[in-house]
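To keep things clear, I will list the structure first and then write my remarks on it.
Rule-based calculations on the coordinates, nothing more; no lab input. Note that the structure is a prediction, hence the values are computed from the model and not measured. In this analysis, Cβ positions are derived from the backbone assuming ideal geometry, glycine residues included, and neighbour counts consider all displayed protein chains.
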Amino acid sequence: MKLTVIILGKSYDLKSNGKFEIIFSDGKDLLKDVKSSKGKYVVFINENDLISPNYIDLILNKTNDEFDSCYMNYKIDYKYVNEIKSLKNEEILINNKPEFGMYIWNFIYKKEVLIKFIEEKYNFALFKKNKVITDIIYTHNPNCKSILSLFPLRDVKKSVHYKNIIYVGQYCNTIFNGYVTWIDNIGKCFKDKFEIVVLYDEITDITLNRFEKNFKCIKRNPFINYTCDRLFVTYSTFYYPNNLYPLDENYLFIHGNMADYTYTQKCEDDLYTKYIAVSKASANKAMDYYNSDKIDYVLNPFKLEDYVKPHLKLVSAQRSADVKKADRIIKIANILDEEDIPYTWNLFTDKNEGTNSSGLIYRHRTVNPYPYIKDSDYFVLLSDSEACPYSIIEALSLNTKVVVTPLEVFSELGVNESNSVIIPFEYFEDENKEKLRELVIKMYKDKDKKFEYIYDENNYKDYYKLFK
């Protein structure tokens, strides 16, 4: 016997014609039912559910193969959840293993592996060989008894409720994405008006820190049921997980434009109460992509922060040489990044030192850096030694303050506390990083203090004696 069909209930209009075994079960001891079955493979059906005419034929055909579990697409239609699992990419499906909380009716199990799986307290590693059937063959009826309370894969006693949930799935891994900015602005506009929780699977530290300013952020736990009055999902999260239940409305917010639909297949899911695009243009372009005859639209919220940090502008111009200590520039740039100080640092040089700094811009050397120096808050030169650096004279003459190391020549050129930040050499040692940080922060705060500087002709009057 290849197959046993375990039907949860007392009756079902299904004829075996000797091709497979049928067991009717009350669901109280499924492990016992599985052990008593004669088939090599086991599949489950709820008595009020619907199956397609080719359901058994497809399964019997698949049992000619060897596998530990076989994943099937399916549709569920609860009062609070409506979703169709109809992904056509077999490569993705074939790597799916039964997971904690996954509905058991969308899997065919090898009997001996299923028994061992339950006895070993849900050891997922047992499912090594996996197959897939890509047709939608099973529809879970909204009126039937929920299988979740019958099968030990799911502990339905653990649950938590939030008023509003924004679910971002696994794709919040960049700060340069429209829906990340969308969530950020929802927080700025509505954090004092509504209870909103951001639920995520994967997220970068930068984005998480950004969201936590305005939201309670929670990493989704597959062992907990999450319920909410309203669920908000971005268009990048096509399939929200099966332990997330909206009790009232669930909204898909569409941030896409035509470019997003050009290279992707039509979305076949019908999961959401409402489809809402973020502009009229976006709604029009999405009309033929989503499985809905109506797509509403509403413009994204936006609120400017109460305080916007001023932008720090730095410039350096130097040849690449050990004595110029380009690594010191990188150390200061890293501190600016850590302190979230917005800055642009134009570095005119003949060598790119390579850095992940957000503000350093390496530029080719130029004979006329004056416009950049004039437009900057500070000119930075952190050398170990200098004879008579023109760049310092140029910067001060353009009324741009300088950041320098304590070299003897700088005092000769008129560098003082009013027009410069002088950084001791030892501040660049690792053990003095906090001292360097304090000085950099002070430099940022003092960047707009004014000064006057005139390079006196008397400084070079002796040249008059050299020319005859």
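Tabulated data
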read-out: Residues Glu452 and Leu247, FRET efficiency given R0 of 60 Å [Cβ-Cβ distance, rounded to 0.05]; value: 0.30
read-out: Cross-link table Lys401/Lys449; Lys35/Lys110; Lys10/Lys62; Lys2/Lys38, entries beyond 20 Å C-alpha to C-alpha; value: Lys10/Lys62
read-out: FRET E, pair Lys191, Lys35, Förster distance 35 Å, beta-carbon r, rounded to 0.05; value: 0.05
read-out: Length gained when the stretch Glu305-Asn61 is fully extended (0.36 nm per residue, less Cα-Cα span); value: 81.7 nm
read-out: Simple spin-label estimate for Asp375 and Val160 in nanometres, 7 Å along Cα-Cβ; value: 4.9 nm
read-out: Stretch gain in nm, segment Lys442-Asn48, where the contour uses 0.36 nm per residue and the Cα spacing is subtracted; value: 134.7 nm
read-out: Peptides ranked, highest mean first, by Cβ atoms within 10 Å: ranges 320-326, 445-451; value: 320-326, 445-451
read-out: Hz values of 3J(HN,Hα) by residue in region 185-199 - Karplus curve (6.51, -1.76, 1.60), Gly and Pro given as x; value: 6, 4, x, 5, 7, 10, 4, 8, 10, 9, 7, 10, 10, 9, 10
read-out: Nitroxide proxy distance, nm - points 7 Å out along Cα→Cβ at Asn17 and Glu417; value: 9.9 nm
